[in-house]
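For reference, the structure discussed in these notes is given below.
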Amino acid sequence: MSFQAQESVRVRETTTAAWPFWRTIPRFDREYGMGDFVRAAGSLVRAKEPVRGEFAELFGAAPFYFARSGRECLYLILKMLELRPQSRVGVPLYCCVSVFQAIAAAGHLPVFLDVDLNNYALDEEFLRENKDRIDALVVVHTFGYPANLERLRRCLAGRNVPVIEDCAHALLTEFGNSLAGTKSDAAFFSFAPHKPAAAGGGALLVVNNPELAPVAKRELGNLRSESLWAEIRHSLTCWARSVSYHRLAYGALLASPWGRLRDRERLTPTDDELAKIHQSWSPARIRSVDLQLVTRRIREFRAKMPALAENTEKLRNQVRGAALLMPQEPSYGKWNHFMVPVRYKSADARDSGRRFLVKRGVDTSPLYHNCVRNAQWFGYAGGCPQAELAGRTVCTVPNHPWLSDSEIAYIGESLRLSAEPQ
């Protein structure tokens, strides 16, 4: 028997039955090792700035600043724009609640917009019909898939609306011949856990509009720092969290009663939480322990991208013909394949499909599944049916550069079976 035939038989054998819990494929990768903790701790003794030339290569001459989190970057950008109080900021409903919080904390009102289920970016027709309702626009490159900024700007029909890019998922994603984050008034990237260049925390704010540069220099040059103890505690937390994503440990957790709680979100905010949203925030600079790892993480993610793209294509071929939908490669840019979304035909199919996948040791994440309830805290009263459908029917599947052909085949077959009536 040829090597190719032997490999084909081996792959089929690995996909005929559920794997034991110690072979569980976690939804996210281990992102923080002991070596990272040691390097981060060293930064507390002697701080080391990232290689700024590498960032100039990514973003050209645009000024950039490091802050503690992506949500604080968005808050700072909205403050820099000097919009009138209670301005209306367009934002996709299918989005992280932290984006809504930052808009409200800056003194503005989220205007919820529908999304296109083909790419999870803003729906162009919906934006065109609602362009007169917004004073600024947040464009989110969800799952690292590039939004078509050129077409979205045309939907604004010449209105002078500042555009902000949320690139939390979109490091090294491309639009046209440029990187995401370089064609808007301002943009931000995240280095928090479960992001492309996960350094434990922190974020990067890029100022593309020259008119905002003086304001940015004045507002962002003196962000406060955290205490030494807070930095150490943060680094220890990052290391402990990463240990839990070891396949053996995570598989045992997922198989236990606690595994059923991993997606649970408290849906009703407390009065204190609502009050904090509207209080003045106090953004901080990036922690030294996170800054120490940023350049390394970006290089690592760049090296992973070819394998991630190859995995996505293999999975797409595996599920072809099943009652599942995955985004196609964009014709106008380059997807970084950081996350792979899969859409089921209904909410019940998604929920039963996820239970089936977990039983087979393939973890999944129902990203933004509570987006409607979260948005209701901020005044959402309906009107975005496609975004609501995405929240009920979409989940992500593991995509790691170390996945073998047999593991990809196992995930693919598990997905196909998960879409069938259980």
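Things worth noting here:
- Some residue of the range 364-376 being surrounded by 20 or more Cβ atoms within 10 Å (Cβ to Cβ) and closer than 22 Å to N317 by Cβ: yes
- Flag if L291 is in a helix (DSSP H, G or I), in contact (Cβ under 8 Å) with a residue 40 or more places away in the chain, buried (at least 21 other Cβ atoms within 10 Å of the Cβ) and touching a helix residue (DSSP H, G or I) at 6+ places or on another chain (Cβ under 6 Å): no
The rows are residues; the columns are (1) buried (at least 20 other Cβ atoms within 10 Å of the Cβ); (2) not basic (K, R).
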{"residue": "H337", "(1), (2)": "yes, yes"}
{"residue": "Y344", "(1), (2)": "yes, yes"}
{"residue": "R350", "(1), (2)": "yes, no"}
{"residue": "K359", "(1), (2)": "no, no"}
{"residue": "V394", "(1), (2)": "yes, yes"}
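- Residues that are out of contact with any Lys or Arg (no Cβ under 8 Å at 6 or more places or on another chain) and surrounded by 14 or more Cβ atoms within 10 Å (Cβ to Cβ) within the range 201-234 comprise L204, L205, V206, V207, N209, L212, A213, V215, A216, L220, I232, listed in sequence order.
- Residue in the range 15-45 that is surrounded by the most Cβ atoms within 10 Å (Cβ to Cβ), counting only those that are touching a His at 6+ places or on another chain (Cβ under 8 Å) and part of a loop (DSSP other than H, G, I, E, B): E31
- Candidates L109, L93, L117, filtered to the one that is surrounded by 24 or more Cβ atoms within 10 Å (Cβ to Cβ) and modelled with pLDDT of 95 or more: L93
- Qualifying positions in the range 330-368 - within 22 Å of A197 (Cβ to Cβ) and part of a loop (DSSP other than H, G, I, E, B): P330, W335, N336, H337, F338, M339, D363, L367, Y368
- Residue in the range 226-235 that is among the polar types (S, T, N, Q), in a helix (DSSP H, G or I) and farther than 19 Å from F66 by Cβ present: no
- Identity of the residue in the range 178-197, surrounded by 24 or more Cβ atoms within 10 Å (Cβ to Cβ) and within 24 Å of R30 (Cα to Cα), that ends up nearest to the chain's Cα centre (by Cα): K195
- Scope the range 198-242; condition within 16 Å of F28 (Cα to Cα) and without any contact (Cβ under 8 Å) to a residue 24 or more places away in the chain; matching residues: A240
- Being more than 19 Å from F64 (Cα to Cα), among the aliphatic types (A, V, I, L, M) and surrounded by fewer than 22 Cβ atoms within 10 Å (Cβ to Cβ) is true of V161.
The values are calculated or read from the model by the stated rules, or taken from the named source; none is laboratory data. Keep in mind it's a predicted model, so treat the numbers as computed, not measured. Note that we place each Cβ from the backbone using ideal geometry, even for glycine, and neighbour counts take in every protein chain shown.
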